[in-house]
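The values are calculated or read from the model by the stated rules, or taken from the named source; none is laboratory data. All of these numbers come straight from a predicted model, not from anything done at the bench. Ideal geometry is used to build each Cβ from the backbone, glycine not excepted, and the neighbour counts take in all protein chains shown. For accessibility, only protein heavy atoms count, side chains too; no ligands or nucleic acids. Shrake-Rupley method; radii C 1.70, N 1.55, O 1.52, S 1.80 Å.
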Amino acid sequence: VIDPVMRRVVDLIDLSGQNPFESLSFSPATGFIYVGLAGLFPGFARLAPVLSGGIETVDPVTRTARGLLVDDDALGGNVSAVAVHSKTRGYCVVSDASFHNYVKAFDPTTGEVLGTIFESTGQIASIEADGDGYLLMADTSFYEPRILIFNAENGEPVAALPARLPPFSFAILTRSLP
């Protein structure tokens, strides 16, 4: 926990899982912070071959971790990104042992895995719920870089916008610029 005024660390929140992979995602709908935990990466022979990540929730008011909401065993791989659309619909990027990428839907309240909405042999670098009902995905394929847009309520594809270079992240404006 960082105090932005004092510019210093003021508290520490221990997580249940291992290896937080991307920035934290706060959901106004649930009031929680969602943390994608990659866990152990495949191929580490000296380490136990168990998944040790998933999606963990943090209560920012009490500054406490609430434990794993979704275990990476249920998701089938390492979590590299999380986006929450509503109390009943969230999405995460999962990479399996062969580094095949999937975007899976989950319930941010119960942790139930709702299914796969997209899969790629390329890499999905980032996903973001835009606040207007869309889910944006940065597909960093070398041969076909693009931005994928899905309906965040039901996971249905809406559009694929070609990009000149592979996209890696999004900045979403929540109000007009002066």
Is it the case that THR109 is of a type in the set (Val, Ile, Thr) and closer than 17 Å to GLY54 by Cβ? yes
Those residues that are open to solvent by less than 40 Å² (accessible area, probe 1.4 Å) and outside any loop (DSSP other than H, G, I, E, B), I need them from region 1-41; list them, please. SER25, SER27, ILE33, TYR34, VAL35, GLY36, LEU37
Just give me the residues in region 128-144 being closer than 16 Å to TYR102 by Cα and out of contact with any Pro (no Cβ under 6 Å at 6 or more places or on another chain), in sequence order. GLU128, LEU135, LEU136, MET137, ASP139, SER141
Complete set of residues in region 80-98 that are closer than 15 Å to GLY54 by Cβ and exposed (fewer than 15 other Cβ atoms within 10 Å of the Cβ): ASP96
Scanning region 21-37 residue by residue, those modelled with pLDDT under 85 and closer than 13 Å to ASP72 by Cβ turn out to be PHE21
All positions within region 133-155 that are open to solvent by 20 Å² or more (accessible area, probe 1.4 Å), hydrophobic (A, V, I, L, M, F, W, C) and assigned to a loop (DSSP other than H, G, I, E, B): PHE142
May I ask you to verify whether VAL158 is among the β-branched types (Val, Ile, Thr), outside any loop (DSSP other than H, G, I, E, B) and surrounded by 15 or more Cβ atoms within 10 Å (Cβ to Cβ)? no
Considering only residues of region 99-132 that are among the small types (Gly, Ala, Ser) and surrounded by 14 or more Cβ atoms within 10 Å (Cβ to Cβ), which is nearest to VAL70 (Cα to Cα)? GLY111
Can you give me the ranges of the strands (runs of 3 or more DSSP E) entirely in region 63-112 with at least 1 residues that are farther than 30 Å from VAL9 by Cβ? 90-95, 101-106
